[in-house]
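The values are calculated or read from the model by the stated rules, or taken from the named source; none is laboratory data. What you see is a predicted model; the values in this text were computed from it and never measured. No Cβ is skipped: glycine too gets one built from the backbone with ideal geometry, and neighbour counts run over all protein chains shown.
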Amino acid sequence: MAKYIVRRTLGLIPLLIGIVLLSFILMKMAPGGPQAQFNQNNRVTEEQIDRWLKRWCLERNAGPLGIAREFGGWVGIWNCDTESFISQQGGLNFLPPQLGGGDNGLIHGDLGFSIDQGRPVVDMIAERIPATLLLTIAALVLRVSVAILLGVIAAVRRYSIFDQVVTFFSYVFYSLPTFWLGLMFIFLFAVAFRVLPPQGITTPRAWPPFGTERYWGEFGEKPLEAIVDIARHLILPVTVLVLVNIAADSRFVRASMLDALSQDFVRTARAKGLPGRTVVMKHAFRNAMLPVVTNVALELPFLFGGAVVTETIFSWPGMGLLFITGVGNRDYFLLMGLLLITSMLILFFNLLADVLYAVVDPRIRYD
């Protein structure tokens, strides 16, 4: 197993390089650019814009050499201050600072500088990840648990009234747009009945902005009240995410269980006189979990990417809303950082899914 993990990890390096290059090319092809944000501010002079662009290895109407220089600066190979591969300390720029290298670029953990907010992209992403994880983990745990339960029961009771009811509501919720369902929930529970907060992660007048030092200070003083307040704000967005996605997941589990229940080893277990619950849960369910593991593993990267539509509708201060804000403000470095992180997580969780296969199915062994 260890050799397989090492081999797969090394094989991901060329793919990761390709993803970095593709992310950079896509952002270069997008309309606007870093200087487009400055054009909206009349108080910024052309010299200030040129000086800022040079600091971050950016150029106006850059040709092939300028684009290569920009890519090298973003990755961390090229130092924009010395205009060479040599850092200001005199060493190769891609080396760690302790060895005389530079401190700019991806290889040094620097994702650039937000043009809109004037802050490091790493700091902005770090602030938004807790809110996104809180929302998406709560939704994923509830969604997978309910989907597995409904899918297994629907498969065992195939064509029963329960199966038909689950099928009906699965298609209903699967066909509903997320933005429409979210707006309807806000109208019903926040506007009409006023039982739940419509937006945000905390009550504005009762708590400081989420994630700030003031908030964590008050959280330590009143933890129970803070948890209850966040829980109330979680109900609507989590419900929307679960209802929209549980339909496809429950059908996926049902189909996987039906395939496992039709296998010869299940019929053999039943012929031996094993109890029905043992046959279903110990034999069929474990084998049916293989495609389910793949499906869940591919969904895990979006825990960090955020639920873009849901976070926007409910003004949830997470990664999804940050991405929408970056698109609207043409925040070049922010968008590149978000795209890169999501792509890297997809690669990692694909590797994790392959490893989990051997845990779920004892027949699978990696040499």
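In the set (1) surrounded by fewer than 16 Cβ atoms within 10 Å (Cβ to Cβ); (2) outside any helix (DSSP H, G or I), Gly211 fails one condition alone, (1).
Could you say which residue among Arg330, Arg277, Arg254, Arg267 is out of contact with any Ser or Thr (no Cβ under 8 Å at 6 or more places or on another chain), at positive phi and not small (Gly, Ala, Ser)? On inspection, the qualifying residue turns out to be Arg330. Taken over the stretch 77-124, residues that are outside any loop (DSSP other than H, G, I, E, B) and of a type in the set (A, V, I, L, M, F, W, C) amount to 9. Just one of (1) surrounded by fewer than 16 Cβ atoms within 10 Å (Cβ to Cβ); (2) in a helix (DSSP H, G or I); (3) among the β-branched types (Val, Ile, Thr) fails for Val144. It is (1).
Any residue at all in the stretch 190-202 that is touching a His at 6+ places or on another chain (Cβ under 7 Å), of a type in the set (A, V, I, L, M, F, W, C), under 21 Å from Leu321 (Cβ atoms) and assigned by TED's automatic domain parsing to the domain that holds Asn329?
yes
Does any residue of the stretch 227-243 turn out to be among the small types (Gly, Ala, Ser) and surrounded by 13 or more Cβ atoms within 10 Å (Cβ to Cβ)? Steps first, please.
Looking only at the stretch 227-243, we keep the residues that are among the small types (Gly, Ala, Ser), and these are 231.
Checking which are surrounded by 13 or more Cβ atoms within 10 Å (Cβ to Cβ) leaves us with none.
The answer is no; no qualifying residue exists.
Screening the stretch 247-314 for helices (runs of 4 or more DSSP H) wholly inside it with 2 or more residues that are within 17 Å of Ala154 (Cα to Cα) and in contact with an Asp or Glu (Cβ under 8 Å, 6 or more places away or on another chain) returns the ranges 285-299. All conditions in (1) within 30 Å of Val156 (Cβ to Cβ); (2) over 23 Å from the mean Cα position of the chain (by Cα) hold for Phe219, with the sole exception of (1). Within the stretch 318-347, the residues that satisfy the criterion of being closer than 29 Å to Arg232 by Cα and either within 14 Å of the chain's Cα centre (by Cα) or crowded, with 20+ Cβ neighbours inside 10 Å (or both) are Gly318, Met319, Gly320, Leu321, Leu322, Phe323, Ile324, Gly326, Leu338, Thr342.
(1) crowded, with 16+ Cβ neighbours inside 10 Å; (2) in the same structural domain as Val242 (by TED's automatic domain parsing): which one isn't true of Leu149, the others all being true? Condition (1) is where Leu149 drops out. Checked against (1) more than 25 Å from the chain's Cα centre (by Cα); (2) modelled with pLDDT of 85 or more, Ser315 passes all but condition (1). Given (1) among the polar types (S, T, N, Q); (2) assigned to a helix (DSSP H, G or I); (3) farther than 26 Å from Val327 by Cβ, identify the lone condition not met by Gln48. All conditions pass for Gln48, except number (3). From the list Pro197, Pro204, the lone residue that is under 27 Å from Arg143 (Cβ atoms) and either without any contact (Cβ under 8 Å) to a residue 40 or more places away in the chain or surrounded by 15 or more Cβ atoms within 10 Å (Cβ to Cβ) (or both) is Pro197. The set of residues in the stretch 109-130 that are in contact with a helix residue (DSSP H, G or I) (Cβ under 8 Å, 6 or more places away or on another chain) and at pLDDT 85 or above comprises Val121, Val122, Met124, Ile125, Arg128, Ile129.
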